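Peer 1: What follows is a single structure, and I will ask about it in a moment.
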Amino acid sequence: MAQNPFPLGKDELLKAYRTMRTIREFEERLHVDFAKGDIPGFVHLYAGEEACATGIMMHLNDNDRIASTHRGHGHCIAKGVDVHAMMAEIYGRSTGACRGKGGSMHIADLSKGMMGANGILGAGAPLICGAALAAKVRGDRGVGITFVGDGASNQGTFLESLNLAAVWNLPVVFVVENNGYAESTAMEWAVSCDSYVDRATGFGMPGVTVDGTDFFAVYEAAGEIIRRARDGGGPALLECNMVRFYGHFEGDAQTYRAKGELEAIRATRDCLTILSERVIEAGVIGRDELQTIDREVNALIEDAVRAAKAAPLPVAEDLLRDVYVSY
Amino acid sequence: MSRKISMKQAINEALDLEMRRDPTVIVMGEDIVGGTGAQGEDDAWGGVLGVTKGLYAKHGNRLMDTPLSESAYIGAAVGAAACGLRPVAELMFLDFMGVCFDQIFNQAAKFRYMFGGKAETPVVIRGMVGAGFRAAAQHSQMLTPLFTHIPGLKVVCPSNAYDAKGLLIQSIRDNDPVIFCEHKNLYGLECEVPAESYAIPFGEANVLRDGDDVTIVSYGLTVHRAMEAATALAKDGTEAEVIDLRTLSPIDWDTIVESVERTGRLVVVDEAHPRCNLATDIAAFVGQNAFGALKAGIQMVTAPHTPVPFAPSLEDLYVPSADSIASAVKRTLSPKGARSIAA
Amino acid sequence: MAPVVGIVANPVSARDIRRVVANATSLQIADRANILLRVLAALQACGVRDVLMMPENGGIRAHVERGMMRARSRGEDIYPALHPVAMPITGTVADTHRATAEMRRAGVSALVVLGGDGTHRAVAAECGTVPIAGISTGTNNAFPEHREPTITGLATGLAVTGRVPPHIAFTANKRIDVSLINGANGGAVTEMALVDVALVTERYIGARALWRTENFRELYVTFADPEVIGMSAIAGLLEPVGRDESGGLMVRLSPDGDCRKAATTLHAPIAPGMMARVGITDWRRMPADVAFVPEVTAGSIALDGERELSFSERDRLSLTLRDDAFRTVNVAAVMRHAGQNRLLTGTPVPVAAF
């Protein structure tokens, strides 16, 4: 085997690949099962954006908190939320991460530092300021990461949080996942200043733009930004330019896309292909090793779906449970 | 040891005691230090009306001034609560809830249920409510019905210094989000308050006056108007029982129903607007659960269905008065009471 | 026919990790647009009536068009007509290549470039003999000179309208050609750098910027300028080599940044705000047209300060410096000429008298 030229050891590289592949398979499977009518409600898929969640989360531990978005499955998996519990939640089962009470848009696992996907766009930014404040008060070196799409970056909550984090010098990283579309509305139309780095600069913190389809670009930039925040260097913004393989939600016909756009991004900007070719070309990981992971991930997702379908539904007494801690 | 202090001092004392007791308690809000980093910070404002004055000198950075940015800092308080702190966030005037309500009703109130019982959000959001301060339409509302409507929120509205201290201490210790409503016209009102720490449990109404002829239920400032009315009615031989709810969510149904079953008459007084408020809520509950005990139609005394007016001559008409409460009581006592409709 | 000028303005330069690790500048999009408006006003003042522009979706064009519309609505006629090149936008460096090639084919007389060294490199790859007028909106920017863009616009306008003779208006520049032949499949990649090629040990492209000096191994520069930031400064602080001299400099750095093993320890500004110790093994002149084969056998190739290609032991890498590789507008010379000949007064001194 060749000498490893990467900033991660082989085990870590395999872990990153496994995480990205798990997210991809999870979402591809939901895409199929949703179309079959097996899944209630609606889901927003993270497929195509895996390098962003993974490149960032590789730097975090359970003590670090993240606040996610409506498109949160990838963040959950990368943060270590149990895949079986996630699948059961999406199927509305009592074995789900939230016992079937939350669904796709509200998966949370505070024990893993995952403060919830969020159905309210931009709502995670103030919450993560609070998580970072708690870490700062305790002095435990924890950091908070909030994800926001290019669309929700226009929310007042997001802009207010940039200011608050700067004023309180909180260990927060604001990650803008720029996939070019706020639902269906083009980012170029909806974001007046056109650059998230400009927004960060305006609030007195550094901003960085990276190619969000390149795991190593995200990993390296996030590493510097997170280390800085952990050490007390304050908040920063990371813009990841990336691509969404599916629509805003499942069932979206995506008529707003350019002709051939989806085919082109799948062919040239697939973060999983980019990562695997890079590590294989460097001679650090063999194709067979990645294929083994692919098989294991397929089996995992298959088992998660099987278990979810077999799991019990929440029952009448669950309806009134857990409104308050005590009343 | 007990001494006479104002409701404002009682709230200050509750915060001080809880911050001493529990290092996870932090207090944040606009101007609550009122001069962090300024030369006079040791003698800084302590909130626009001085409720938190002096706490910064005692607790330092655990009191945090915030930018005028309610969504961000109320959300931060909620997020910090979900991560193990017990933040008390002052929203100055609870009317400002309009700009940060999402963080309260879509986030804080829902975490526990939405996350399958796996989250706790012990945050207190406290601020001023109520009219009579010449503060006009956007700084005077009694929005308690809005908060009470939301599952997951607890709502507290004390009528005196003693209750304010005990209920705020309980609010901070409670593991659910609590909206703590402080009537600004009661801040200066003094009563006997023990110096030591004590907590008043939620869901226990306070019977301020016993009586067998009619039950008057209220909370906040109008409790005092109800007491005035009861005193006046007693001169004519009518003995009113006056119940101070203290907490609106949870609410003490038992005390209300038990009283009405004895008196057969109910007047509910609410400073909120007349539709879908605590008065309609209580009237409906009693109508459904104690109809057989009622000797007359339930009377509701509320503010009118208007924004709070500025002109003193109008604002004085806005808040339910002792006279209007006494009139309502008289309607329940008249032979036609059962059929009359409040004017 | 009045000359046409092309503009390439990169909306994503100055956005990399050096803002976090070194407090580097991040020029706002609105400011880039304002720079363009200043350039346009200067070009119009010199008689340029039509300008082609690379389309982009980073916001520069939208701000520029808003500025021009506001001027028109006030009744001001201070800008030339702006024509975006008709081409699809990918948001990558391919846009700069494509736009530059299209503008060259359309016969522009000069290309005004807003960006860092990387943007200028992309333009230089496709501009042929069309001269470049560079404006720095990037991070390290050894290549474009720092100057008020109005003056760059004026010089470009004076040069392309023929009011300054070409031998004064335009100068030749060097570049380094990089040839990488893939040992596995025989495929060849040729790249180029305007200022520097750095060979570093990280084999991934990652966040692209260079700031970990312990990974630096070999450095090749077209000019070694102690007044700039980055790789050229390392060379320039050892042995300055001018832009107008033939040949450049190659520097070998000590492995793992171990300054004790190095013959020389240099303290150099390797990025904005970043002074770093760099161990130097040796250095020597790099004559033009001589292929250099590096000693480093695997790693990444950073072109003008950004990791662009990775290579392994199987690949064959060589570097060759070329003199007279492409042309730039010599702003200082043009403006001196303009002053000496009073080109901007009502009665210019006749060129013949010069």
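The values are calculated or read from the model by the stated rules, or taken from the named source; none is laboratory data. In this text, all values refer to a predicted model and were calculated from it rather than measured experimentally. Cβ: placed from backbone, ideal geometry, glycine included. Neighbour counts: every protein chain shown.
Peer 1: Select, from C:THR92, C:THR96, the only residue that is within 18 Å of C:VAL123 (Cβ to Cβ) and either surrounded by fewer than 17 Cβ atoms within 10 Å (Cβ to Cβ) or over 21 Å from the mean Cα position of the chain (by Cα) (or both). Outline the logic, then answer.
Peer 2: Values: C:THR96 fails: either surrounded by fewer than 17 Cβ atoms within 10 Å (Cβ to Cβ) or over 21 Å from the mean Cα position of the chain (by Cα) (or both).
Testing whether each residue is within 18 Å of C:VAL123 (Cβ to Cβ) and either surrounded by fewer than 17 Cβ atoms within 10 Å (Cβ to Cβ) or over 21 Å from the mean Cα position of the chain (by Cα) (or both) leaves just C:THR92.
Peer 1: Okay, next question. State whether one or more residues within segment A:152-171 are in contact with a Phe, Trp or Tyr (Cβ under 8 Å, 6 or more places away or on another chain), surrounded by fewer than 24 Cβ atoms within 10 Å (Cβ to Cβ) and at the interface with chain B (Cβ under 8 Å from one of its Cβ atoms).
Peer 2: Yes, some residue in segment A:152-171 is in contact with a Phe, Trp or Tyr (Cβ under 8 Å, 6 or more places away or on another chain), surrounded by fewer than 24 Cβ atoms within 10 Å (Cβ to Cβ) and at the interface with chain B (Cβ under 8 Å from one of its Cβ atoms).
Peer 1: Show me the helices (runs of 4 or more DSSP H) found entirely inside segment B:98-200 where at least 3 residues are under 19 Å from the mean Cα position of the chain (by Cα), within 14 Å of chain A (Cβ to nearest Cβ) and not aromatic (Phe, Trp, Tyr).
Peer 2: Details: elements: B:109-114, B:144-149, B:161-173.
Per the criteria, B:161-173.
Peer 1: Right, something else. Can you tell me which residues in segment C:145-163 are crowded, with 24+ Cβ neighbours inside 10 Å and hydroxyl-bearing (Ser, Thr, Tyr)?
Peer 2: Residues satisfying the conditions are C:THR152, C:THR156.
Peer 1: Determine which member of the set C:ARG285, C:ARG314, C:ARG307 is over 27 Å from C:ALA24 (Cβ atoms), at pLDDT below 90 and touching a Gly at 6+ places or on another chain (Cβ under 8 Å). Before the answer, list the steps.
Peer 2: Values: C:ARG285 fails: at pLDDT below 90; C:ARG307 fails: over 27 Å from C:ALA24 (Cβ atoms).
Checking each option against the conditions leaves just C:ARG314.
Peer 1: Within segment A:17-27, identify whether any single residue is among the β-branched types (Val, Ile, Thr), crowded, with 19+ Cβ neighbours inside 10 Å, out of contact with any Ser or Thr (no Cβ under 9 Å at 6 or more places or on another chain) and more than 14 Å from chain C (Cβ to nearest Cβ), and answer yes or no. Please lay out each step first, then the result.
Peer 2: Keep residues of segment A:17-27 that are among the β-branched types (Val, Ile, Thr), which gives A:19, A:22-23.
Filter again for crowded, with 19+ Cβ neighbours inside 10 Å, leaving A:19, A:22-23.
Adding the requirement that they be out of contact with any Ser or Thr (no Cβ under 9 Å at 6 or more places or on another chain) leaves A:22.
This time we only want the ones that are more than 14 Å from chain C (Cβ to nearest Cβ), so: A:22.
Yes, that holds for at least one residue.
Peer 1: For segment A:125-133, check the following and say yes or no: at least one residue is surrounded by 24 or more Cβ atoms within 10 Å (Cβ to Cβ), at pLDDT below 90 and of a type in the set (A, V, I, L, M, F, W, C).
Peer 2: Applying the first criterion (surrounded by 24 or more Cβ atoms within 10 Å (Cβ to Cβ)) to segment A:125-133 yields A:125-133.
From the residues that got through so far, the ones that are at pLDDT below 90 too are none.
No; the residues of segment A:125-133 include none that is surrounded by 24 or more Cβ atoms within 10 Å (Cβ to Cβ), at pLDDT below 90 and of a type in the set (A, V, I, L, M, F, W, C).
Peer 1: For residues that are away from chain A (no Cβ under 14 Å) and modelled with pLDDT of 95 or more, tally how many sit in segment B:79-92.
Peer 2: Within segment B:79-92, residues that are away from chain A (no Cβ under 14 Å) and modelled with pLDDT of 95 or more number 1.
Peer 1: Would you be able to tell me the number of residues in segment A:236-278 that are exposed (fewer than 14 other Cβ atoms within 10 Å of the Cβ), at pLDDT 95 or above and within 11 Å of chain C (Cβ to nearest Cβ)?
Peer 2: Within segment A:236-278, residues that are exposed (fewer than 14 other Cβ atoms within 10 Å of the Cβ), at pLDDT 95 or above and within 11 Å of chain C (Cβ to nearest Cβ) number 0.
Peer 1: Which one is modelled with the highest pLDDT among residues in segment C:15-46 that are surrounded by 23 or more Cβ atoms within 10 Å (Cβ to Cβ) and among the basic types (Lys, Arg)?
Peer 2: My answer is C:ARG32.
Peer 1: Can you pull out the residues in segment C:189-210 that are within 14 Å of chain A (Cβ to nearest Cβ), surrounded by fewer than 24 Cβ atoms within 10 Å (Cβ to Cβ) and not in a loop (DSSP other than H, G, I, E, B)?
Peer 2: Passing the criteria: C:VAL189, C:VAL200.
Peer 1: Among (1) surrounded by 13 or more Cβ atoms within 10 Å (Cβ to Cβ); (2) under 30 Å from B:LYS154 (Cβ atoms), which single condition is A:ALA316 missing?
Peer 2: (1)
Peer 1: While we're here: Those residues that are outside any loop (DSSP other than H, G, I, E, B), closer than 16 Å to C:PHE326 by Cβ and either touching a Ser or Thr at 6+ places or on another chain (Cβ under 7 Å) or not small (Gly, Ala, Ser) (or both), I need them from segment C:95-109; list them, please. Reasoning before the result, please.
Peer 2: Of segment C:95-109, the ones outside any loop (DSSP other than H, G, I, E, B) are C:95-105.
Then keep just the ones that are closer than 16 Å to C:PHE326 by Cβ; that gives C:96-97, C:100-101, C:103-104.
Those that are outside any loop (DSSP other than H, G, I, E, B), closer than 16 Å to C:PHE326 by Cβ and either touching a Ser or Thr at 6+ places or on another chain (Cβ under 7 Å) or not small (Gly, Ala, Ser) (or both): C:THR96, C:HIS97, C:THR100, C:MET103, C:ARG104.
Peer 1: Taking strands (runs of 3 or more DSSP E) that do not extend beyond segment C:246-349, which have at least 3 residues that are among the hydrophobic types (A, V, I, L, M, F, W, C)?
Peer 2: Qualifying strands (runs of 3 or more DSSP E): C:248-253, C:264-271, C:274-286, C:299-303, C:316-329.
Peer 1: I need the full set of residues from segment C:59-78 which are surrounded by fewer than 21 Cβ atoms within 10 Å (Cβ to Cβ) and either over 28 Å from the mean Cα position of the chain (by Cα) or assigned to a loop (DSSP other than H, G, I, E, B) (or both), in order please.
Peer 2: Listed by number, the residues that qualify are C:MET69, C:ARG70, C:ALA71, C:ARG72, C:SER73, C:ARG74, C:GLY75, C:GLU76, C:ASP77, C:ILE78.
Peer 1: Inside segment B:32-58, can you point out the residues that are out of contact with any Leu (no Cβ under 8 Å at 6 or more places or on another chain) and under 16 Å from B:ALA77 (Cβ atoms)?
Peer 2: The one that is out of contact with any Leu (no Cβ under 8 Å at 6 or more places or on another chain) and under 16 Å from B:ALA77 (Cβ atoms): B:GLY47.
Peer 1: Would you please list the contacts, defined by Cβ atoms under 6 Å and residues six or more apart or on different chains, that run from a residue in segment C:44-61 that is touching a residue at least 12 places away in the same chain (Cβ under 8 Å) to a residue that is among the aromatic types (Phe, Trp, Tyr)?
Peer 2: Listed by first residue and then by second, the contacts come to C:GLN44/C:TYR79.
Peer 1: So in segment A:289-327, with the set limited to residues that are under 16 Å from A:ALA16 (Cα atoms) and in contact with a Phe, Trp or Tyr (Cβ under 7 Å, 6 or more places away or on another chain), which one is farthest from the other protein chains (Cβ to nearest Cβ)?
Peer 2: A:ILE293
Peer 1: Out of C:THR90, C:THR150, C:THR100, C:THR137, report the one residue that is within 14 Å of chain A (Cβ to nearest Cβ) and touching a residue at least 60 places away in the same chain (Cβ under 8 Å).
Peer 2: Among C:THR90, C:THR150, C:THR100, C:THR137, only C:THR137 is within 14 Å of chain A (Cβ to nearest Cβ) and touching a residue at least 60 places away in the same chain (Cβ under 8 Å).
Peer 1: Quick one: in segment A:188-202, which of the residues that are surrounded by fewer than 19 Cβ atoms within 10 Å (Cβ to Cβ) and out of contact with any Lys or Arg (no Cβ under 8 Å at 6 or more places or on another chain) is farthest from the other protein chains (Cβ to nearest Cβ)? Full working, then the answer.
Peer 2: Taking segment A:188-202 as the starting set, the residues that turn out to be surrounded by fewer than 19 Cβ atoms within 10 Å (Cβ to Cβ) are A:188-190, A:192-193, A:202.
Checking which are out of contact with any Lys or Arg (no Cβ under 8 Å at 6 or more places or on another chain) leaves us with A:188-190, A:192, A:202.
Details: A:GLU188: 5, A:TRP189: 9, A:ALA190: 12, A:SER192: 8, A:GLY202: 8 Å.
Residue satisfying both the conditions and the ranking: A:ALA190.
Peer 1: Among the residues of segment B:19-37, are any touching a strand residue (DSSP E or B) at 6+ places or on another chain (Cβ under 9 Å), assigned to a helix (DSSP H, G or I) and surrounded by 14 or more Cβ atoms within 10 Å (Cβ to Cβ)?
Peer 2: Yes, that holds for at least one residue.
Peer 1: If you scan segment B:44-78, which residues turn out to be polar (S, T, N, Q) and within 14 Å of chain A (Cβ to nearest Cβ)?
Peer 2: Residues of segment B:44-78 polar (S, T, N, Q): B:52, B:61, B:66, B:69, B:71.
Result: B:ASN61, B:THR66, B:SER69, B:SER71.
Peer 1: Next question, about the same structure. So which residues in segment A:98-126 are hydrophobic (A, V, I, L, M, F, W, C), part of a loop (DSSP other than H, G, I, E, B) and either more than 7 Å from chain B (Cβ to nearest Cβ) or over 17 Å from the mean Cα position of the chain (by Cα) (or both)?
Peer 2: So in segment A:98-126, the residues hydrophobic (A, V, I, L, M, F, W, C) come out as A:98, A:105, A:107-108, A:110, A:114-115, A:117, A:120-121, A:123, A:125.
This time we only want the ones that are part of a loop (DSSP other than H, G, I, E, B), so: A:98, A:107-108, A:115, A:117, A:120-121, A:123.
A:CYS98, A:ILE107, A:ALA117, A:LEU121, listed by residue number.
Peer 1: Before we move on, is A:TYR219 facing chain C (nearest Cβ under 10 Å) and either assigned to a loop (DSSP other than H, G, I, E, B) or more than 22 Å from A:PHE158 (Cβ to Cβ) (or both)?
Peer 2: Working: facing chain C (nearest Cβ under 10 Å): yes; either assigned to a loop (DSSP other than H, G, I, E, B) or more than 22 Å from A:PHE158 (Cβ to Cβ) (or both): yes.
Yes: the conditions hold for A:TYR219.
Peer 1: In addition: When you go through (1) in a loop (DSSP other than H, G, I, E, B); (2) modelled with pLDDT under 90 one by one for A:GLY233, which number turns out not to apply?
Peer 2: Single failed check for A:GLY233: (2).
Peer 1: Does A:ARG71 satisfy the condition of being among the basic types (Lys, Arg), in a helix (DSSP H, G or I) and away from chain B (no Cβ under 14 Å)?
Peer 2: Details: among the basic types (Lys, Arg): yes; in a helix (DSSP H, G or I): no; away from chain B (no Cβ under 14 Å): yes.
When the stated conditions are applied, A:ARG71 does not pass them.
Peer 1: State all residues of segment C:1-38 that are at the interface with chain A (Cβ under 8 Å from one of its Cβ atoms), under 23 Å from C:ALA209 (Cβ atoms) and outside any loop (DSSP other than H, G, I, E, B); if no residue qualifies, say none.
Peer 2: Selection gives C:ARG19, C:VAL20, C:VAL21, C:ILE29.
Peer 1: Quick check on this structure: which one of A:VAL148, A:VAL81 is hydrophobic (A, V, I, L, M, F, W, C) and part of a loop (DSSP other than H, G, I, E, B)?
Peer 2: On the way: A:VAL148 fails: part of a loop (DSSP other than H, G, I, E, B).
On inspection, the qualifying residue turns out to be A:VAL81.
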